[in-house]
1. Here's a check for you: in the range 139-150, which residue that is in contact (Cβ under 8 Å) with a residue 60 or more places away in the chain and β-branched (Val, Ile, Thr) is surrounded by the most Cβ atoms within 10 Å (Cβ to Cβ)?
2. Do any strands (runs of 3 or more DSSP E) entirely within the range 159-256 hold 1 or more residues that are over 21 Å from the mean Cα position of the chain (by Cα) and buried (at least 17 other Cβ atoms within 10 Å of the Cβ), and if so, which?
3. If a residue must be aliphatic (A, V, I, L, M) and more than 10 Å from the ligand (Cβ to nearest atom), how many such residues does the range 208-225 contain?
4. Those residues that are under 11 Å from Lys246 (Cα atoms) and either buried (at least 17 other Cβ atoms within 10 Å of the Cβ) or modelled with pLDDT under 95 (or both), I need them from the range 313-329; list them, please.
5. Please find, among Lys73, Lys95, the residue that is in contact with a strand residue (DSSP E or B) (Cβ under 9 Å, 6 or more places away or on another chain) and surrounded by fewer than 21 Cβ atoms within 10 Å (Cβ to Cβ).
6. For Ser78, indicate whether it is touching a strand residue (DSSP E or B) at 6+ places or on another chain (Cβ under 7 Å) and polar (S, T, N, Q).
7. Of all residues being aliphatic (A, V, I, L, M), under 20 Å from Cys234 (Cβ atoms) and touching a residue at least 60 places away in the same chain (Cβ under 8 Å) in the range 151-207, which is farthest from the ligand (Cβ to nearest atom)? Just the residue, please.
8. For residues that are away from the ligand (no atom under 12 Å from the Cβ) and either over 21 Å from Pro198 (Cβ atoms) or assigned to a loop (DSSP other than H, G, I, E, B) (or both), tally how many sit in the range 288-308.
Amino acid sequence: MKRKILVTGGTGFIGSHTTVELIQAGYDVVIVDNLSNSSADVVDGIEKITGVRPAFEKVDCLDYSALEHVFQKYTDISGIIHFAASKAVGESVQKPLLYYRNNLNSLINLLQLMPEYHVKGIIFSSSCTVYGQPDPENLPVTEQAPIKKAESPYGNTKQICEEIITDDIKSGAPIHAILLRYFNPIGSHPSAIIGEMPNGVPANLIPYLTQTAMGIRKELSVFGNDYNTPDGSCIRDYIYIVDLAKAHVAAMAHILDDKMTTPVDVFNIGTGKGNSVLELIKTFEECTGVKLNYKIVGRRAGDIEQVWGNVDKANKELGWKAQHTLAEALSSAWKWQQELRKRGIM
Ligand code: UD1
């Protein structure tokens, strides 16, 4: 029998790409999503790509009884991948209670239900944001690097959620957990059937960049060229979304095939390479042939100067490695932007 995985936030950007990879790896998927930042059409897209329609339940993870209903309806869920969360750094500063309520309570509800419904493991979407600005001698950053005080309520929820899971397991909860600390996920499925769907004016680099290339935005602002980096712009570890999605499949197999050496473990998920904003723009122009209108402006408050991951642990223990280049990821992001135009969305 196929193993059944509950994917919360499964119609979102990372959730939808992960659902595709899970289905293609032979899992059954049940998506739970409140559609607060995504659309049910994504389920059609997943079906179009895989030929299989995942089960979909429009449920808010904050609603304990509705969530419990899902576990009663789909009785044999083996694992959970928990994406459903609020994720805009700026908004979290404006609405901290919304972020703490959504992100913490959703997780607590899931953790409470897992033992009762014999769910073996959970994968939690964490972020490299927990490292803050690593000290220069700690780059590329490993999982052992110190956790820095969070810069935003969003970042704080990631840190607290990691602690909640760890404390729950320490107290004897009969579950396993993997915390995946993502670097910067970009791009879209090669089919351009699903992709990133930003709400309003994008805060993140890639959607702003592709919208500028499309002429929707006048110009891209590069936030600072006076950082202590080779070209003065910030450095990040940009990982292709399909590679990131596959890391979840590897992590789920690690849990379900009893490969874990400790009941809660943490892995960086990135490429192991850093690229500056200016390098990224140059790569985009080269691989798409589109000239990008951009200007250098002042630094963005709260930005980290440079961070990229040491991903040896995931490479060795999960048997997973990012396969795609930055150019491939950026080409897919551009193809998706063109698809949005074709669909008359943007
Ligand atoms: C941040 C968080 C990350 C979180 C993500 C969610 C940190 C260190 N990282 O990522 O945990 O998951 O937000 O939104 O807090 N840039 C421009 N012009 C733009 C937009 C961005 O130059 O218009 C630059 C930024 O300065 C940065 C890079 O592009 O150097 C990437 O920015 P962004 O896509 O917003 O991601 P992070 O800030 O790295």
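The values are calculated or read from the model by the stated rules, or taken from the named source; none is laboratory data. Note that the structure is a prediction, hence the values are computed from the model and not measured. Backbone-built Cβ (ideal geometry, glycine too); neighbour counts: all protein chains shown.
1. So, considering only residues that are in contact (Cβ under 8 Å) with a residue 60 or more places away in the chain and β-branched (Val, Ile, Thr), the one surrounded by the most Cβ atoms within 10 Å (Cβ to Cβ) is Val141.
2. 220-223
3. Residues flagged as aliphatic (A, V, I, L, M) and more than 10 Å from the ligand (Cβ to nearest atom) within the range 208-225 amount to 3.
4. Within the range 313-329, Leu318, Trp320, Ala322 meet the criteria.
5. One residue alone meets the criteria, Lys73.
6. Taking the combined requirement at face value, the residue satisfies it.
7. Ile186
8. Number satisfying all stated conditions: 4.
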